[in-house]
Amino acid sequence: MSRLSFLAASAANRLAACLPSSLGRWLRNRSWPCARPVLRYLEFHLTDHCNMNCGGCTHFAPMADRWFADKERVTADFDRLKALFRNIREIRVMGGEPLLHPDCVSFLQIVRDAFPACRLALVTNGLLLARQSAEFWKACRATRTIISLSVYPPVRPQVEMLTARCREERVPLECVESGMFLARYIPEGNVDVRKAFRFCRGSWYFCPILREGRVYRCAMGCYAAYWNRAAKDGMPAEDGIALGSATGPEILDYLMRPMPTCAYCSPKARAFAWRNGTPRLEDWIR
Ligand code: SF4
Ligand code: SF4
């Protein structure tokens with residue numbers, strides 16, 4: 001994205017976050033008001049667990065169960081999404097670490113079949129990328145998948161090799177430098193939810209998640225149970241909105257409204273240098 005379009009998108013996001021949700025939803029998604037609108041962004045997990053275990057992971061992967069996405073479930077969800085939305089501009093297949101899923105390529109095909117015009121990215125920490133099979137690379141080409149490589153310190157020495165490999169396989173690669181993490185969690189839950197949400201939706205925090213028939217506003221609400229189990233805490237989990245009974249405009253409206261989880265999410269994050277290993281709760285706390 002060019003600097004100009006980045007600035008234009010940021011300004012539109014800030015404006016959308018200040019408007020009543022019924023208006024902001026159209027601007028936020030760059031969609032005309034219609035029964036089958038456009039959703040700007042959606043992500044979903046192939047696995048909840050990860051082989052990197054970063055402190056402060058916003059998806060709580062270091063505390064997660066060993067969980068794998070189910071092909072039939074995801075197919076049904078994308079059939080329904082296709083009926084609800086004319087397009088989803090960007091879909092990110094992620095985790096946890098998606099390459100830990102033994103059938104990653106099937107999910108790329110499911111997404112591409114449902115949304116031929118979307119920008120499709122596979123978000124990976126790269127630890128397993130070099131050992132992928134010819135079938136994987138072929139599927140990436142066939143589905144026009146972009147590899148989005150989160151460059152954590154252990155992967156830095158391999159970036160050159162992975163770049164060459166993607167070029168050789170004719171699969172686009174984007175590298176996202178990920179040396180710093182942000183801790184946002186406020187255990188007291190005393191953040192003004194409107195303020196937190198306005199900040200989140202006004203910046204780049206617009207990351208709705210699909211999970212087993214429901215859409216969630218963000219990872220923090222969707223995966224709260226993992227944090228609560230590890231920290232013996234009571235952060236409110238998000239219920240999500242059911243794909244089966246909602247309309248497209250209702251989903252867009254839902255994504256533009258704050259929730260009780262936002263009271264635990266500080267707009268002023270604490271930055272710290274990446275580290276991994278056994279989870280230390282302080283890495284998530286502001
Ligand atoms: S690589 Fe990504 S998903 Fe895995 S633990 Fe780190 S931040 Fe979380
Ligand atoms: S908890 Fe609320 S404010 Fe924080 S990222 Fe999620 S939706 Fe945004």
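The values are calculated or read from the model by the stated rules, or taken from the named source; none is laboratory data. Keep in mind that this is a model prediction, so the values were computed, not measured. Neighbour counts run over all protein chains shown; Cβ positions are idealised from the backbone, glycine included. These area figures cover heavy atoms from the full protein model, side chains too; ligands, DNA and RNA do not enter into them. Shrake-Rupley method; radii C 1.70, N 1.55, O 1.52, S 1.80 Å.
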Evaluate the stretch 258-278: report whether one residue or more is free of Cβ contacts under 8 Å to residues at least 40 places away in the same chain and on the phi > 0 side of the Ramachandran plot. no
If you check Thr47 against the conditions, is it polar (S, T, N, Q) and either within 16 Å of ligand 2 (Cβ to nearest atom) or open to solvent by 10 Å² or more (accessible area, probe 1.4 Å) (or both)? no
Would it be correct to say that Ala231 is within 16 Å of ligand 1 (Cβ to nearest atom), modelled with pLDDT of 95 or more, out of contact with any strand residue (DSSP E or B) (no Cβ under 7 Å at 6 or more places or on another chain) and among the hydrophobic types (A, V, I, L, M, F, W, C)? no
In the stretch 188-201, the residues that are open to solvent by less than 30 Å² (accessible area, probe 1.4 Å) and more than 10 Å from ligand 2 (Cβ to nearest atom): Gly189
Quick check on my filter: what residues within the stretch 248-259 are modelled with pLDDT of 95 or more and within 9 Å of ligand 2 (Cβ to nearest atom)? Met259
Considering only the stretch 69-87, I want to know if a residue exists there that is of a type in the set (Asp, Glu), within 14 Å of ligand 1 (Cβ to nearest atom) and buried (at least 16 other Cβ atoms within 10 Å of the Cβ). no
Could you say whether any residue in the stretch 95-118 is open to solvent by less than 60 Å² (accessible area, probe 1.4 Å), under 18 Å from Arg217 (Cα atoms) and either without any contact (Cβ under 8 Å) to a residue 12 or more places away in the chain or assigned to a helix (DSSP H, G or I) (or both)? no
The conditions are (1) away from ligand 2 (no atom under 16 Å from the Cβ); (2) touching a residue at least 12 places away in the same chain (Cβ under 8 Å), and Ser245 fails exactly one of them. Which is it? (2)
Members of the stretch 93-107 found to be under 15 Å from the mean Cα position of the chain (by Cα) and away from ligand 1 (no atom under 12 Å from the Cβ), listed by number: Val93
